[in-house]
Number of protein chains: 2
Amino acid sequence: MTQASICTIGDEILIGQIIDTNSSHISRALNSAGIRVTRMLSVGDDHDTIVNSLKTELENNSIVIATGGLGPTKDDITKAALAELSGSESFRTDSVQLEIIHDILGSRGLDVLDVNIAQAEVPDKCEVIPNRLGTAPIMVFRFPEAMFGHKATLYSLPGVPFEALGALDDILEDIRRHNPVSDICHRTVMTFGVAESALAKMIAPWEEALPEGMHLAYLPNALTGVRLRLSMYGEGNMEKEESMINSELAKLSVMLGDIIWSDRDDTMQECIGRMLASAGKTMSAAESCTGGMISSMMTSVPGSSEYYLGSVTSYANSVKTGVLCVPEETISSHGAVSQECVAAMAEGVRKLTGSDFSVATSGISGPGWGTNEKPVGTVWIGVSSDKGTETFMMRFKGDRKRNTEHFAAHALNFLRQKISKELNICQQVFKTIKL
Amino acid sequence: MTQASICTIGDEILIGQIIDTNSSHISRALNSAGIRVTRMLSVGDDHDTIVNSLKTELENNSIVIATGGLGPTKDDITKAALAELSGSESFRTDSVQLEIIHDILGSRGLDVLDVNIAQAEVPDKCEVIPNRLGTAPIMVFRFPEAMFGHKATLYSLPGVPFEALGALDDILEDIRRHNPVSDICHRTVMTFGVAESALAKMIAPWEEALPEGMHLAYLPNALTGVRLRLSMYGEGNMEKEESMINSELAKLSVMLGDIIWSDRDDTMQECIGRMLASAGKTMSAAESCTGGMISSMMTSVPGSSEYYLGSVTSYANSVKTGVLCVPEETISSHGAVSQECVAAMAEGVRKLTGSDFSVATSGISGPGWGTNEKPVGTVWIGVSSDKGTETFMMRFKGDRKRNTEHFAAHALNFLRQKISKELNICQQVFKTIKL
C-alpha cells in the first residue's frame, strides 16, 4: 500500500499561535484516495531542520506532502531548503504562475511587487502545478530510486489552508498517475448521548467478534457525540470489504437502536436540514446561553436558507421580553434559566418568524453567575412545533466554550428527535439491511 | 535551552477524522514557560510505531509530551507501549485516580465498569499526576541519562482536549521543578486590511534593521488580519529582551499607524468588548449572510453579557421586514443585499434592543445565488449609533465558509473603528512609548 507522510512547516505552528488544520484535511483526502498516512510532522522555519526532516520522511514514505513557508516574506524559507534537498543548482521563473500572480493582485487592485514576482521562481529540479488561488506555485519533486531506496515524490504546497486544500485535487490526480493505489474502506456511524466507555461495554461482544482485519475506532466529539468508525485496509476487492463492513454495521444498528442517529459521517445541522428540506418545513431558534452558535451551525450548511428562517439571540432579558414576548412575570418568578422561560422563548420565536419548528436555550455557560440551585453548566432547552412544546434540563461540568458546545449539541439533538418523530423520517439505512 | 517535542497518538488523527488541537495548546503553554518546542508529531494506534517514535523524540529532546490512546476501549494501546518503552514489568493500581473514576462516573449516574477500573492501572515505572477531569491518569516517566544520552522525561496525557489542557498546569509545574528553564520573549501586534505581501513591503527597511537574534513572523488569519510577531530567544535577561522588542514595536507603530488595531494577541470581539465595557455602552447585531457568527463570536468572550444585548439572524426576508422593520419596499426596490437594506437592519436592531451601537450584514456567501451585479462574495455591512449609520460594500472570492468569515471579520472591524472613534479609545500602547 502506498504510504504518505505530511509535514507542515512554520514557527507559528510550533509556538502554538495557529492550529494546523492542513494535515487533517490532506490526510482525509489521501485516505479516501487509498493512500495510508503513516505520520504527520510539524517543524519550524529552520533551513537544516526542514532539509533533514523531509529527508527522513522521504526515506520512510513514497509520498511526502509539505505545506508552508512559501509566502513572500523573509520568514518563508522552504523553497531554499527544497532547492538544496533536490540538488537544484538554479531557479527558473514559472510563466503560468507569474501570470496568475498578475491576475490575482490586479483583481484586488494591488501592485505587483518584486517579492510577488519572486514567488513565481522555482528550483530547476521541480515540476510546477499552478496555484490558481494564490501567488505561491505548487512544486513537485520526483526523486529517483537511488536517492531514498525507493521512488519518492515530494509535493510542496502553500501553508494558507484555503490554497492548500484547493490544490488537493490536482495533487491527487498526479499521485494516481504515478503510484499504485490500493483500498481503504472506512464507514462511520454517529451516536449521541452515551459515554464512550458505556458504549464500549454495550458493544463489546460484537467488537470482539469482528472479522480479522476489520478495526473499530471510537471518536468522541462534544458537538456530534461518539462517532464509531469501522475500517478495513483491503487487498484490491473494495466491494467485498464494503459489504463486510455494512453487514457488521447492520448488526450494530440492532444493538444500539436510536443511539445511532445517522449512518454517515454527519453533523446534526446537516441531518436536520435534510429532514426539513425533504418535507418542505422550516425552523427558527431563540438563543440565550448559546449566543448564536446554533444559528451559526445551522447556516453553515449550503442551501440552509431553504428551511432556516432565522433566530433571535436574546442575551439580555429585555430582548427576551421585548422581542420574544416572554412575559416579564415568567422571568421574575422563575428566572431566565427555567423551564417556563425556555418554553416561552421557543414558542415566541416560532410565532415571530412563522416557522414550523423552533429550538430555544437558556443556561449558564460560566465562568461565574451560577447558584446552588442552578450551577454553572445548567441549561434548559425547549423545542416547539404546532404539535406542542417540550422542555429538557441538563447539567454539564465544562468551561465556557465546552458548556456552550454541549448546550448547542443537545439542543440540536432534541430538535432532530422531534422533527424525526413528527415527520416520521429515519436517517439510518442499516435498519433496512437484512441480517 | 530546554527542548520539547509533542507527540499526538491516534488513527483518527492520521485519517483526518479529527483536527489535532492539543499540540497547539500544549506548545503555547510550553513556549510561555520558556521551553522551545522543536517538533510536533502525530502517529497511529500501532504498538511498535508508538514505541519507536517516542524513542526518537526522547533521543532528541529532554521533554516529550504525548497525548492520546489512554481511553477505556480496545483501540487505546498507548499504555502498553509506554510499559515496554520504560521497561516496566508489571502494572499497579493508582488509588487516587481510582477514587476520581468512582467520583466522576458516580456524579454522572453511571456504573463503574471493569474497563473504567482498568484505567487506574499504570506501568510500575511511572509516577502519576491525578487527572481530575477524566478517568485516565497522567503518567510521568523519568529516564536516566544512560538511556538516551541525557536526562529525559515523558509525560503521557489523555487525548480528550478538555482533559489534556486541564493537565497542563500540573505538567508545567513538574517541568519547572526538574529542568533549567530559559527565556523566550514573544510580542504580537494585530493588523487588519493590508495583505501580507504589501505589509512586508511597507516594513521591509525596519525588518532588515532588526537587532540580531530578533525574529519577525507574519501570521495571516481571515478573522483577525495579519498578526506580526516579534520573538527573541534570550540568555537569561528577560527584561532587556522585552525592552528591545517594545522599542522596535514603537517604531513599527509609527510606520503602520491605524493598520495596527491592537498591541496584543487579540480578537476583534475582545477588543470591542473592552471598549464597550469601559464606557458602559452596549451593542446588538442583525445578521443575514453571517448567520449568527458575529453573535457567536461576541458571546464567546466571558462577561459579554455586560455589553452584548443580543441579535436577530434575519435569514428570511420575512424576518427582516417582520422583526427588524426593514420596509418591504426597500427589499423589493433594492434587494436584500443592498446599502438601503443593511442600513435599515442596523437601525432596526438598535431600536429593537435599545443598544448604543449595532452592526448588520447582508451578502451572498455562496455557493450559488450570485448575479453579475452582485456576485457570490458580495457583502453590505452597516454600523449604527445615535451619531449616525454608515454602510460599506466589500467583495471576496472564497468559498462559503471563508466568505462568511471575511464578512464577519470586516463587520466587526468597522464596528470596532466606529466605537473607537466615537468613544475616543485607542488600543495601541506603543503610540505612547517615546522613541
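Table for the structure above
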quantity: Residues located in the stretch B:215-245, provided they are away from chain A (no Cβ under 13 Å) and more than 18 Å from residue B:35 (Cα to Cα); calculated: B:225, B:240, B:243, B:244, B:245
quantity: Test: residue in the stretch A:24-36 that is closer than 22 Å to residue B:27 by Cα, without any contact (Cβ under 8 Å) to a residue 40 or more places away in the chain, part of a loop (DSSP other than H, G, I, E, B) and among the small types (Gly, Ala, Ser); calculated: no
quantity: Some residue of the stretch B:48-65 being surrounded by fewer than 20 Cβ atoms within 10 Å (Cβ to Cβ) and not in a helix (DSSP H, G or I); calculated: no
quantity: Failed item in (1) buried (at least 18 other Cβ atoms within 10 Å of the Cβ); (2) under 30 Å from residue A:72 (Cα atoms), with residue A:199 passing the rest; calculated: (2)
quantity: Pairs with Cβ under 6 Å, 6+ apart, first in the stretch B:162-191 and of a type in the set (Phe, Trp, Tyr), second assigned to a helix (DSSP H, G or I) and surrounded by 15 or more Cβ atoms within 10 Å (Cβ to Cβ); calculated: B:162/A:402
quantity: Sole residue being closer than 26 Å to residue A:314 by Cβ, among the polar types (S, T, N, Q), assigned by TED's automatic domain parsing to the domain that holds residue B:406 and touching a residue at least 24 places away in the same chain (Cβ under 8 Å), chosen from B:355, B:318; calculated: B:355
quantity: Any hit, the stretch A:407-418, residues being surrounded by fewer than 17 Cβ atoms within 10 Å (Cβ to Cβ), farther than 30 Å from residue A:251 by Cβ and of a type in the set (Gly, Ala, Ser); calculated: no
quantity: Extreme residue, nearest to the other protein chains (Cβ to nearest Cβ), among residues of the stretch A:269-324 that are of a type in the set (Phe, Trp, Tyr) and within 20 Å of residue B:365 (Cβ to Cβ); calculated: A:308
quantity: Enumeration of residues in the stretch A:108-130 that are more than 17 Å from residue B:204 (Cα to Cα), within 14 Å of another protein chain (Cβ to nearest Cβ) and either touching a Lys or Arg at 6+ places or on another chain (Cβ under 8 Å) or buried (at least 18 other Cβ atoms within 10 Å of the Cβ) (or both); calculated: A:120
quantity: Elements of type helices (runs of 4 or more DSSP H) in the stretch A:108-202, at least 1 residues being touching a His at 6+ places or on another chain (Cβ under 8 Å) and closer than 20 Å to residue A:7 by Cα; calculated: A:161-166, A:168-178
quantity: Of the criteria (1) touching a helix residue (DSSP H, G or I) at 6+ places or on another chain (Cβ under 8 Å); (2) within 13 Å of another protein chain (Cβ to nearest Cβ); (3) surrounded by 19 or more Cβ atoms within 10 Å (Cβ to Cβ); (4) without any contact (Cβ under 8 Å) to a residue 60 or more places away in the chain, which one residue B:76 fails; calculated: (1)
quantity: Test: residue in the stretch B:178-185 that is under 21 Å from the mean Cα position of the chain (by Cα) and either crowded, with 19+ Cβ neighbours inside 10 Å or of a type in the set (S, T, N, Q) (or both); calculated: yes
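Yes/no per residue for (1) surrounded by 21 or more Cβ atoms within 10 Å (Cβ to Cβ); (2) closer than 29 Å to residue A:307 by Cα:
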{"residue": "B:257", "(1), (2)": "no, no"}
{"residue": "B:309", "(1), (2)": "yes, yes"}
{"residue": "B:319", "(1), (2)": "yes, yes"}
{"residue": "B:326", "(1), (2)": "yes, yes"}
{"residue": "B:333", "(1), (2)": "no, yes"}
{"residue": "B:345", "(1), (2)": "yes, yes"}
{"residue": "B:353", "(1), (2)": "yes, yes"}
{"residue": "B:359", "(1), (2)": "yes, yes"}
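The values are calculated or read from the model by the stated rules, or taken from the named source; none is laboratory data. Keep in mind the model is a prediction, meaning the values are calculated, not measured. Cβ coordinates were reconstructed from backbone atoms using ideal geometry, including for glycine residues, and neighbour counts include every protein chain displayed.
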